[in-house]
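The values are calculated or read from the model by the stated rules, or taken from the named source; none is laboratory data. Being a predicted model, the structure only gives us computed values, none of them experimental. For neighbour counting, all protein chains shown are included, and Cβ atoms are generated from backbone atoms with ideal geometry for every residue, glycine included.
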Amino acid sequence: MPRPSFSTQLYALWILVAILCSLLTAAVWLMLSSALGERVADAKQQAVSTCTAVASRYDLSMQRPGEANIDLMHAVLDLVLIRKEGIEGGFWTSAPAPGAANGFLAYAFPTYEGSGIKRDIPEAETPLILRTLRNVADTGQLHADAVASGADAVIAVACPVPHHAGLLAWMLARARAPLGPYGQRAATFLAGVLAVIVLLALLLALTLRRWKRNLTRLEQSLAPDGRLEQNRQIGHLGERDLDHIVDALNRYVQRADRLQREANELGDKLAQAERFSALGKMAAQIAHEIRNPVGAMRLKAENALAGDAARREAALRTIIGQVGRVEAQLSSLLALTQPVIVRTQEVDLSGWLADVVRTHEASAENRRISLRVEVESCPTRPVFDSAQLARALDNLVVNALRHAPPGGNVTVRARAATLDDCKRLRLEVIDDGPGVSANERQRIFEPFVTGRPNGSGLGLAVVREIASVHGGRAWLAEEPDMTCFVIDIPWRPS
């Protein structure tokens, strides 16, 4: 399984960071909310128990029900609240009473952090206290109200005093943030840190997106059909790290282009050297092929000058034969070097092949070789240049008659064949001679390659050239007991 790309890994990391930030924010919020809720519940429970204790203690201490003893109220409040850290409270009456502003009779906050016992009712919480007291006065049941203020909460509890109509005790408690007096600041700081982390995650996402886009452009430039494969410069991407890679790739393109030009120059020089080598080899072969008959003609001419009429006549005949040999070699060379012009037409295969073979019957009889023709009947006539293909077939038949042993057999066969759903004409010249050695098979169609001392090495090269201009090819078939040269061309040229 292939590993994910670098950009994919970075995207996955960014998503993980975003998820962790979200989870952390939710966890902090839940922690603060749940902790504050628990503290509110605890503070409410303490306020309720304190209110009940104050009301009961006053009821037990007061001997004359229905009367209001302000000093006793303060004494009870100081005694009970001194053990209740952070709780303040007092007494309130719903009946009009002299000196009781808004019905408040007594108030105490013994654990106040200031100097002495606090005796003045908190003005900010007075509406909450009165609302709670009036609710209890109407229902006659204990009641508690809580009001959240930022990270803190204020709890007001009121309860009726037994056996004293219209007299209520009330308590005020505060639930602080779970992190102490600096909890709000800590929570704000933590929220700011989380906001910065989220902002950094967004910036990272934008950076990753830009990197992904630049990496995609770089990947397209490195694709099989990209700019690098076309030896073209890659433009800068705007990322310093990636631009270093782009510069290195551009230097590679420049170096590859320079090496390609040098390779082309060396290839041209090599091709030129090969052409000179081929020309030198061809010149040496031509000189060798012509020098031998010219030397023989010179020797015969010198003998004729020094001899009688009979020797002169014999010498002239030899000279004429050698001249014919030189002309044949030059004709083959011209046929190889000049372009072959093909003029195609429909050909009666049986009649044409019989005419080609008939010119070699006398030579076959002189060597006591059986020369046969085999033609496969076909409903349509092939189309080719009969003159050019006759030249090629003549070379193959002459070659077969030279290598077949006396009393041997040479067969010229023509048949239709199918290759890649295309109909083709296949001409085969078969003899039972010694064949071609393995080390010569790959080179026999090259010019000047021959296995005979007096051969020019141009006949098979002409055969290959004529087959090629017809859109086909010529080769030596792999036959164990015979030599079979094949010319294969399209039945009808496209």
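Below are the figures for this structure:
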{"item": "All positions within the stretch 112-125 that are closer than 18 Å to LEU77 by Cα and either in a helix (DSSP H, G or I) or touching a strand residue (DSSP E or B) at 6+ places or on another chain (Cβ under 8 Å) (or both)", "result": "TYR112, ILE117, LYS118, ARG119, ASP120, ILE121, PRO122"}
{"item": "Residues of the stretch 123-147 satisfying the condition of being without any contact (Cβ under 8 Å) to a residue 12 or more places away in the chain and within 18 Å of GLU88 (Cα to Cα)", "result": "GLU123, ALA124, PRO127"}
{"item": "Residue match in the stretch 82-97 (condition: assigned by TED's automatic domain parsing to the domain that holds ARG176, modelled with pLDDT under 85 and surrounded by fewer than 14 Cβ atoms within 10 Å (Cβ to Cβ))", "result": "yes"}
{"item": "Residue list for the stretch 49-93, restricted to those being touching a strand residue (DSSP E or B) at 6+ places or on another chain (Cβ under 7 Å) and outside any helix (DSSP H, G or I)", "result": "ALA68, GLY86, ILE87, GLU88, GLY89, GLY90, PHE91, TRP92, THR93"}
{"item": "Selected residue (only one of VAL463, VAL449, VAL486 is modelled with pLDDT under 80 and either in contact with a Lys or Arg (Cβ under 6 Å, 6 or more places away or on another chain) or within 20 Å of VAL356 (Cα to Cα) (or both))", "result": "VAL449"}
{"item": "Matching residues, the stretch 369-405, being crowded, with 17+ Cβ neighbours inside 10 Å, under 56 Å from the mean Cα position of the chain (by Cα) and in a loop (DSSP other than H, G, I, E, B)", "result": "PRO382, ASP385"}
